[in-house]
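First comes the structure, then the notes that go with it.
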């Protein structure tokens, strides 16, 4: 069986629990420490077998590292491992999953040998968004809930600021976060059916939040990207339209979380 290592969690006596993304599921396996054991690292592709003993979680056995030449490049390896860490957090509560996740990682790992690693992981993330049906609509501002082509709703911004400045700041922040998390999914589902992903052509730049959600530049202190290029990236899962500076800003958005 083959898979990509998502997480290596140390246990006592240098034993480890390893989570591996395979073609059909995420396997959680125990690996006992031993001098002859190959070192397992996040992001590596391995071939392995499971050993069931009936009393504990399955053991990781017969590990063979299926290496890539680019793993000797520290920069490429760092970008890849950071992306895998983000993916693990995104899939932390998942046990079974579609084969496409493995295919996306496999094709991306092969492309890392010759392409910009940040472009590779950004395009992999866009493919995951397509797979999960989570392409964010670029029509409304997440902060003030107005159309991006219209002016920001300053009343909504003032209400937001008042929430931060109330006497019980921590409680206000928690309530605000819970409220936004509760309504965000409903908003996105509704807009996906009622709003086109492409905003009007006269909008120049938009602020880009975690998950590439959009906002007015006046509403959010966040990275900005030309909306036409962002729309092209999300629609085609290609970063070909992004120049190097825009690519770096998009990559910093990716690092906020999947």
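FYI, it's all coordinate maths here, none of it is from the lab. It should be emphasised that the depicted structure is a prediction, and the values quoted were computed from it without experimental measurement. Reconstructed Cβ throughout: ideal geometry from the backbone, glycine too, with neighbour counts over all protein chains shown.
What order, most packed first, do the peptides 211-220, 5-14, 248-257 have when packing is the mean number of other Cβ atoms within 10 Å of each residue?
Values: 211-220: 20.9, 5-14: 13.8, 248-257: 16.1.
Ranked from most to least packed, the peptides come out as 211-220, 248-257, 5-14.
What FRET efficiency comes out for residue 50 versus residue 147 if R0 is 51 angstrom and r is the Cβ-Cβ distance? Round to the nearest 0.05. Plugging the Cβ-Cβ distance into 1/(1 + (r/R0)^6) gives 0.45.
If R₀ is 22 angstrom, what is the calculated FRET efficiency for the pair residue 249 and residue 78, using the beta carbon separation as r and rounding to 0.05? Don't skip to the end; give the middle numbers.
On the way: r = 19 Å, r/R0 = 0.85.
With R0 = 22 Å, the Cβ-Cβ based efficiency is 0.75.
By count of other Cβ within 10 Å, fewest leading, how are 70, 80 ordered? Spell out each step's value before the answer.
Details: 70 19, 80 26.
Ranking 70, 80 by Cβ neighbours within 10 Å, fewest first, gives 70, 80.
Test of understanding: extend the Cα→C-beta vector of residue 11 to 7 Å, then name every residue of segment 38-65 with backbone N under 18 Å from that spot. Residues 38-42, 49-63 qualify, since their backbone N sits under 18 Å from the label point.
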